[in-house]
Ligand SMILES: NC(=O)c1ccc[n+]([C@@H]2O[C@H](COP(=O)([O-])OP(=O)(O)OC[C@H]3O[C@@H](n4cnc5c(N)ncnc54)[C@H](OP(=O)(O)O)[C@@H]3O)[C@@H](O)[C@H]2O)c1
């Protein structure tokens, strides 16, 4: 548990926060007294939990839907953020998904474009658009969600997704150097196999059980396992000398 005032007077933007890992990250920032712009995914009203709606009515959370696959989707999202905040202290680029499992020889241009646009281009666009607000912080942190598959290559059908996460990891390292003079730190959280809707869609129960057995900690991860690493990387008091790093959160699934 972090100190309940760790992010007092801090403005935080979390994308892909209507469910899964992003939702838990948003919840933990709210618990630490941050003001949080919560990107609810493509739909404003998808089964959002009570705590978010309560925080919205107390004006601690600001709920903004945006489809990053739409033309101007990221631009309009950043414009909405600029209406709410005059500076951004923490940006968590977390929206993304595998989209589907596409065998290399059958991958269509459309599928390729979708995976790249959502998982890598949207991160570049949201970051670029919010840079003036991040610079205004003086001690901002960007935390990007990548994946264990950026290092391992993932499993069959996820080549483009895995490569797009590797792109984001490398992009983050380059930004860490470039933005250090602006007082902006840039790091990544790399989840292993985390039980969210993600694997409901892309992995069978048998595949997940097989994976579980290979994990030294003998269990799949949860959003609650991941979220504290984001808060750690966001807080200058805890990680002020850490930038350009990827922290693997995977129960030991990858030890190298
Ligand atoms: N779960 C894992 O094992 C795992 C492992 C490694 C990395 N990750 C990464 O962790 C992040 C969060 O994943 P999760 O497991 O929490 O999955 P999730 O529950 O499927 O959440 C994905 C989030 O991305 C949003 N998103 C999807 N398509 C979008 C679009 N076109 N425009 C805007 N937002 C869109 C979703 O919004 P909607 O509700 O509208 O779909 C949702 O908020 C992703 O970047 C994922 O690649 C997950």
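Placing a label point 7 Å from the Cα of residue 59 along the Cα-to-Cβ direction, the residues of region 81-102 whose backbone N falls under 16 Å from that point are 83-87. Rounded to 0.05, the FRET efficiency of the residue 155 and residue 86 pair, given R0 = 51 Å and the Cβ-Cβ distance, is 0.70.
You can think of it this way: the chain between residue 76 and residue 124 has 15.8 nm of extra reach, that is 0.36 nm per residue less the Cα-Cα gap. In terms of its Cα atoms, region 1-80 spans 40, 24, 22 Å along the principal axes, sorted from long to short.
Computing Rg and the Kirkwood Rh from the Cα coordinates of region 194-256 gives a ratio, Rg/Rh, of 1.06.
Calculate the all-directions average of the projected area of region 147-256's alpha-carbon convex hull, and give it in nm². Intermediate results must be reported in sequence, preceding the final value.
On the way: hull surface 29.7 nm².
Here the figure is 7.4 nm², rounded to one decimal.
Each label was represented as a point 7 Å from its Cα along the Cα-to-Cβ direction; for residue 224 and residue 69 these points are 3.2 nm apart.
Once the C-beta distance of residue 170 and residue 45 is scaled by a Förster radius of 35 Å, the resulting FRET efficiency is 0.45 to the nearest 0.05. Where is the GNM fluctuation largest for the chain (alpha-carbon springs, 10 angstrom cutoff): 132, 49, 228? Highest fluctuation of the listed residues: 49.
With a 10 Å Cβ neighbour count serving as the proxy for reagent exposure, in which order, fewest first, do 51, 68 appear? Intermediate values should be presented prior to the final figure.
Details: 51 14, 68 23.
Lowest count first: 51, 68.
By the count of neighbouring beta-carbon atoms within 10 Å, fewest first, 171, 161, 241 end up ordered 241, 171, 161. Here the Kirkwood formula, the inverse mean of 1/r across different C-alpha pairs, assigns region 39-134 a hydrodynamic radius of 14.9 Å.
If you average the sequence gap of Cα pairs under 8 Å that are 6 or more apart and divide by the length of the chain, what percent do you get for the contact order? Working shown, then result.
Numbers: 490 pairs, mean separation 48.4, N = 256.
Relative CO of the chain lands at 19 percent.
In terms of the mean number of neighbouring beta-carbon atoms within 10 Å, the peptides 214-224, 102-112, 55-65, 85-95 order highest first as 85-95, 55-65, 214-224, 102-112. The chain gives an Rg/Rh value of 0.95, both radii derived from C-alpha positions and Rh following Kirkwood. In this simple spin-label model, placing a label point 7 Å from the Cα along the Cα-to-Cβ direction at both residue 110 and residue 241 gives a separation of 5.3 nm.
Read-outs throughout are calculated quantities, based only on the coordinates presented, and are distinct from any laboratory measurement. Just so it is clear, the structure is predicted and the values come from calculations on it, not from any experiment. So basically every Cβ, Gly included, is an ideal-geometry build from the backbone, and we count neighbours across all protein chains shown.
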